[in-house]
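> Have a look at this one before I ask anything.
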Amino acid sequence: MEVFRTLRFRPVAREDLILLHAWLQQPHIRRWWIERRTYEEVEAHYLPAIEGREPTDHHLALLGDEPIGFLQTYLVSDYPDYAALVGAGAGVAGVDLLIGDESRTGQGLGTEMLRRFVREVVFAPPSTHACLADPDSRNRASIRAFEKAGFRSVREFHDPTWDEIHTLVWLDRADVP
């Protein structure tokens, strides 16, 4: 779509944590994302990865120069408990996203963010052969965005971290749109 022509990604920097904190307080995000109420909680969680001490890569999605969302990716095997929970081995990446401003939801932005991020960032390493995500099963809009981006729903499972039922969605490198 022409409106998404300027969509791009850049790594999150420490100074972006103020914006991320503000987004994480929005009701449309708090409903589905792990709650981090204070700036200090956000900094404690995200700063180690920003500084390279943890193996998750955090990115801002920008339209032109305007930050509009957040995405993270990681190798599932770097988190053995999670890898066992979802049954994924080496070469499988995970991805999560949020759109910061609720007025931008429902317009195909999440789908386009996923399509491009998976193609440009997640599958950049040749050793990554698949990508997964696990939206809350009640979050039909998120599941639909993943499916429209090429992911297929595999199964539901209980996530003990959230004590919720999540839907495992999967995309093989060969199926990247």
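> What are the residue pairs meeting all of these: first residue in region 161-177, first residue free of Cβ contacts under 8 Å to residues at least 40 places away in the same chain and closer than 16 Å to Ala84 by Cβ, second residue of a type in the set (Phe, Trp, Tyr) and assigned to a strand (DSSP E or B), Cβ atoms under 7 Å, and 6 or more apart or on different chains?
His166/Phe157
> What about Gly94, is it in contact with a Gly (Cβ under 9 Å, 6 or more places away or on another chain) and crowded, with 20+ Cβ neighbours inside 10 Å?
Details: in contact with a Gly (Cβ under 9 Å, 6 or more places away or on another chain): no; crowded, with 20+ Cβ neighbours inside 10 Å: yes.
So Gly94 does not fit the description; no.
> Could I ask something else about it? Could you identify the single residue in Leu71, Leu60 that is surrounded by 17 or more Cβ atoms within 10 Å (Cβ to Cβ), touching a His at 6+ places or on another chain (Cβ under 6 Å) and modelled with pLDDT of 95 or more?
On the way: Leu60 fails: touching a His at 6+ places or on another chain (Cβ under 6 Å).
Selected residue: Leu71, the only one of Leu71, Leu60 that is surrounded by 17 or more Cβ atoms within 10 Å (Cβ to Cβ), touching a His at 6+ places or on another chain (Cβ under 6 Å) and modelled with pLDDT of 95 or more.
> Next question. Is it true that Leu47 is more than 19 Å from Val121 (Cα to Cα) and at pLDDT 95 or above? Spell out how you get there, then give the answer.
Details: more than 19 Å from Val121 (Cα to Cα): yes; at pLDDT 95 or above: yes.
It is true that Leu47 is more than 19 Å from Val121 (Cα to Cα) and at pLDDT 95 or above.
> Does Gly106 fit the bill of being of a type in the set (Gly, Ala, Ser), buried (at least 20 other Cβ atoms within 10 Å of the Cβ) and touching a helix residue (DSSP H, G or I) at 6+ places or on another chain (Cβ under 9 Å)? Steps first, answer last, please.
Details: of a type in the set (Gly, Ala, Ser): yes; buried (at least 20 other Cβ atoms within 10 Å of the Cβ): no; touching a helix residue (DSSP H, G or I) at 6+ places or on another chain (Cβ under 9 Å): yes.
No: the conditions fail for Gly106.
> Can you run down the residue pairs with Cβ atoms below 6 Å, 6 or more apart or on separate chains, where the first is in region 105-120 and touching a residue at least 12 places away in the same chain (Cβ under 8 Å) and the partner is small (Gly, Ala, Ser) and assigned to a helix (DSSP H, G or I)?
Gly110/Ala145; Thr111/Ala145
> Has region 148-169 got at least one residue that is out of contact with any Cys (no Cβ under 7 Å at 6 or more places or on another chain), modelled with pLDDT under 95 and under 20 Å from Gln26 (Cβ atoms)?
Within region 148-169, one or more residues are out of contact with any Cys (no Cβ under 7 Å at 6 or more places or on another chain), modelled with pLDDT under 95 and under 20 Å from Gln26 (Cβ atoms).
> Where in region 64-177 are there strands (runs of 3 or more DSSP E), lying fully within it, with 3 or more residues that are farther than 26 Å from Ile50 by Cβ? Working first, answer last.
Details: elements: 66-75, 92-99, 130-133, 152-159, 164-172.
Hits in region 64-177: 152-159, 164-172.
> Follow-up. Restricting the search to region 6-47, which residues are more than 27 Å from Arg115 (Cα to Cα) and outside any loop (DSSP other than H, G, I, E, B)?
Here is the first cut: in region 6-47, the ones more than 27 Å from Arg115 (Cα to Cα) are 36-41, 43-44.
Tyr39, Glu40, Glu41, Glu43, Ala44, listed by residue number.
> It is to be established whether one or more residues within region 130-152 are among the polar types (S, T, N, Q), without any contact (Cβ under 8 Å) to a residue 40 or more places away in the chain and exposed (fewer than 12 other Cβ atoms within 10 Å of the Cβ).
Here is the first cut: in region 130-152, the residues among the polar types (S, T, N, Q) are 137, 139, 142.
If we keep only those that are without any contact (Cβ under 8 Å) to a residue 40 or more places away in the chain as well, we get 137.
The next check asks that each one be exposed (fewer than 12 other Cβ atoms within 10 Å of the Cβ); those that pass are none.
No - not one qualifying residue is present in region 130-152.
> Continuing with this model, one more query. For region 1-18, how many residues are loosely packed, with under 15 Cβ neighbours inside 10 Å, modelled with pLDDT of 95 or more and over 16 Å from the mean Cα position of the chain (by Cα)?
Total meeting the criteria: 4.
The values are calculated or read from the model by the stated rules, or taken from the named source; none is laboratory data. Please read these numbers as outputs of a predicted model, since none were measured by experiment. Cβ atoms come from the backbone with ideal geometry, glycine included; neighbour counts cover every protein chain shown.
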